[in-house]
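Read through the structure below, which is laid out as structure tokens, and then see the notes.
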Amino acid sequence: MGRPIIGITSELDAARWGDWIREAVVSPVSYTRAVARAGGAPLVLPPVPPDSVTAFIECVDGLIFSGGRDLDPALYDQARLDDTDEPEHRRDRFELTLMRAALASGLPFLAIGRGLHVLAVARGGTLTQDLPGHRVARARYAPHDVVLAPESILGRLLGTRVLVPAAHHQAPYSLGEGLTVTGWSPDGEITEALEVAGHRFGVGVSWHPEEGDDLSLLTALIEAAAETRPAAAAAGRPDSQVDQARKPVAAKPKAGSRR
């Protein structure tokens, strides 16, 4: 069997080739390099209209929802604050549709940074739009302590406390359906990681494992992607009706002190 194909979401932005400046599909090379080093075959997915999602779900073995600009707060019924990015509606629509399809099909995924927020909102949750003082500087990753639940996927892989590269100023606030908080800031106030109850490998983290030296989280995604898909996934159906009925579980305080 060949390497599992890992789809990586991307951004639309201006890029230069010689004298040309054109709108382009942009993805930091750190994602593709990390996937390749961990044993996967990276495939960058452009934020195209959502009617392509079914074809993507059928052809990839796993997904990485990559970092990027903030989600449109209107998607979780809030007005945009001054510190929140201008939304990119095409990417928002595509990734929310892709996330819901991954959840329904049982496809393994790792949601990173913005991807964590896509996971929360796709399940009906909300975000804290700005965490004052939480991000040291824009466009720079800084060491960041995270406490992990020992019984979680993340806790078993990484231990109960990790120092990770991060650069986020938002976090999940109210939990979406079927999500469990498995990572917190050291003070227990900010949600740093979520896992999907009953999903083969559905993990969201606020930090950027592709920027660090520890590939264990990416390796675990690729190992899950290498497994045979469940029969329900192959038929394009949810893994079980039970998963859709699960209620949010939070063993610690919800993220953020204000919306």
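Every number in this text was worked out from the coordinates using simple rules, so none of it is lab data. In this text, all values refer to a predicted model and were calculated from it rather than measured experimentally.
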Checklist entry - Equivalent-ellipsoid semi-axes (√(5λ), Cα gyration tensor) for region 35-75, whole Å, largest first? => result 22, 16, 8
Next on the checklist: With θ taken as phi - 60° and the coefficients 6.51, -1.76 and 1.60, list the Karplus ³J(HN,Hα) couplings across region 187-195 in order, rounded to whole Hz; mark glycine and proline as x.
Outcome noted: 7, x, 8, 10, 6, 10, 7, 10, 10
Next on the checklist: Could you compute how fast region 3-92 diffuses translationally, taking Rh as the Kirkwood radius over C-alpha pairs and applying Stokes-Einstein at 4 °C with viscosity 1.567 mPa s? Give it in µm² per second.
Outcome noted: 87 µm²/s
Checklist entry - Taking the convex hull of the alpha carbon atoms in region 73-197, what volume per residue do you get, in Å³? => result 109 Å³
Item to check | Karplus-derived HN-Hα couplings along region 113-125 (A = 6.51, B = -1.76, C = 1.60, θ = phi - 60°), whole Hz, x at Gly and Pro | outcome: x, 3, x, 4, 6, 4, 4, 4, 6, 4, 8, x, x
Item to check | When the convex hull of its Cα atoms is projected in every direction, mean area for region 146-231 (nm²) | outcome: 6.2 nm²
Item to check | Gyration tensor (Cα) of region 1-158, equivalent ellipsoid semi-axes in angstrom | outcome: 23, 22, 18
Item to check | For q = 0.13, 0.30 Å⁻¹, Debye-computed log10 I/I(0) when each Cα of region 14-62 counts as one equal scatterer | outcome: -0.45, -1.09
Checklist entry - What residues have an amide H closer than 5 Å to that of A111, excluding those fewer than 5 places away on the same chain, when H is modeled at 1.01 Å from N in the peptide plane? => result F65, V203, G204, V205
